[in-house]
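The values are calculated or read from the model by the stated rules, or taken from the named source; none is laboratory data. Note that the structure is a prediction, hence the values are computed from the model and not measured. Cβ coordinates were reconstructed from backbone atoms using ideal geometry, including for glycine residues, and neighbour counts include every protein chain displayed. What goes into the accessible areas is simple: the full protein's heavy atoms, side chains included, and nothing from ligands, DNA or RNA. Shrake-Rupley method; radii C 1.70, N 1.55, O 1.52, S 1.80 Å.
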Amino acid sequence: LPTVRHKVLDKGIGYLAIARFSEATSADVAAALSSLKQQGALDVLVLDLRNDPGGLVDQAVLVADQFLDAGTIVSIRGRASTENQTAHKGGLATTVPVIALVDQGTASAAEILAAALRDHGRAKLVGLPTYGKGTVQTFYDLEDGAGLKLTTARYYTPKGNSLESKGIVPDVKVESFTPDEIVVGAGNGSGAHSGSDVTIGESATDDPQLTTAVKLAKQALRGGSK
């Protein structure tokens, strides 16, 4: 299933959402960035990581590499060793200002990406504090057919902050949209038939987090804060 969506939000402003990180995510992100650039919508990027539970960490590292020219993306620290994943030159969006949307559903690999971009000054985070999943689990098969999942390392951001149980506090805190349910017609009892239930659905204008991100993107276009 596709994990990446993109569209043009406004003149010069592109939108890219990652639902999770699977085998094809980094390639799909690269294709989406190229498409937005061809449409003239990559002067500023709104990167939506809300409700992204994570997935393959190596794919998150490859996506971060599209926005960073150098430096650490994530450190994986075990009891006896530390492994650093670093960025390389040649990314498609290394100079594009990024406004990243995060919330309590942003976890694991998605948090690694968000933290890497913010720690390197490449993104401003908008939304709600993230989930806080920053551990590495290794699964061991036992002789009797059972299994053991053991925490073997922790993820640390480029600035050395642990993600586990803490998450990331966004730069701009904005509450999410909650649909309001309206019952039309009071009715009496379970057999009432004079009314119907109506739920107000979410639209782009009803998404305060996205609205804030677009405002910040427009400020960046005008040469304001990135």
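Run residue 45 past the list (1) farther than 24 Å from residue 210 by Cα; (2) among the hydrophobic types (A, V, I, L, M, F, W, C); (3) at pLDDT 95 or above and report the number of the one that doesn't hold.
Unmet for residue 45, out of (1) farther than 24 Å from residue 210 by Cα; (2) among the hydrophobic types (A, V, I, L, M, F, W, C); (3) at pLDDT 95 or above: (1).
Which of the numbered conditions does residue 67 fail, given that it passes all the others? Conditions: (1) in a strand (DSSP E or B); (2) buried (at least 18 other Cβ atoms within 10 Å of the Cβ).
Exception for residue 67: condition (1).
Going through region 105-115 one residue at a time, which ones are in contact with a strand residue (DSSP E or B) (Cβ under 9 Å, 6 or more places away or on another chain) and part of a loop (DSSP other than H, G, I, E, B)?
Across region 105-115, the qualifying residues are 106, 108.
Being in a loop (DSSP other than H, G, I, E, B), open to solvent by 70 Å² or more (accessible area, probe 1.4 Å) and of a type outside the set (S, T, N, Q) is the filter here; which residues of region 157-178 pass it?
Residues satisfying the conditions are 159, 166, 169, 171, 175.
Please pick out the residue among 154, 50, 118 that is open to solvent by 40 Å² or more (accessible area, probe 1.4 Å) and in a helix (DSSP H, G or I).
Result: 118 is the single residue among 154, 50, 118 that is open to solvent by 40 Å² or more (accessible area, probe 1.4 Å) and in a helix (DSSP H, G or I).
Go over the candidates 89, 37 one by one and state the one that is of a type in the set (D, E, K, R) and touching an Asp or Glu at 6+ places or on another chain (Cβ under 6 Å).
Sole residue among the options that is of a type in the set (D, E, K, R) and touching an Asp or Glu at 6+ places or on another chain (Cβ under 6 Å): 89.
Considering region 137-163 alone, what residues qualify as being closer than 30 Å to residue 120 by Cβ and aliphatic (A, V, I, L, M)?
Selection gives 153, 163.
Taking residue 27 as the residue in question, decide whether it is open to solvent by less than 10 Å² (accessible area, probe 1.4 Å), assigned to a helix (DSSP H, G or I), farther than 20 Å from residue 220 by Cα and among the aliphatic types (A, V, I, L, M).
So residue 27 fails the test.
For region 125-138, which residues satisfy the criterion of being in contact with a helix residue (DSSP H, G or I) (Cβ under 6 Å, 6 or more places away or on another chain) and either open to solvent by 20 Å² or more (accessible area, probe 1.4 Å) or outside any strand (DSSP E or B) (or both)?
The one that is in contact with a helix residue (DSSP H, G or I) (Cβ under 6 Å, 6 or more places away or on another chain) and either open to solvent by 20 Å² or more (accessible area, probe 1.4 Å) or outside any strand (DSSP E or B) (or both): 130.
Taking only region 70-82 into account, find how many residues are open to solvent by less than 70 Å² (accessible area, probe 1.4 Å) and touching a residue at least 60 places away in the same chain (Cβ under 8 Å).
Residues that pass the stated criteria total 7.
Tally time: how many residues in region 117-160 are among the hydrophobic types (A, V, I, L, M, F, W, C) and touching a residue at least 12 places away in the same chain (Cβ under 8 Å)?
So the answer is 8.
With the requirement that a residue be among the polar types (S, T, N, Q) and at negative phi, what does region 26-77 give you?
Correct list: 26, 34, 35, 38, 39, 59, 66, 72, 75.
Just for region 83-109: of the residues that are closer than 12 Å to residue 62 by Cα and touching a residue at least 40 places away in the same chain (Cβ under 8 Å), which one is surrounded by the most Cβ atoms within 10 Å (Cβ to Cβ)?
Across region 83-109, the extreme among qualifying residues is 109.
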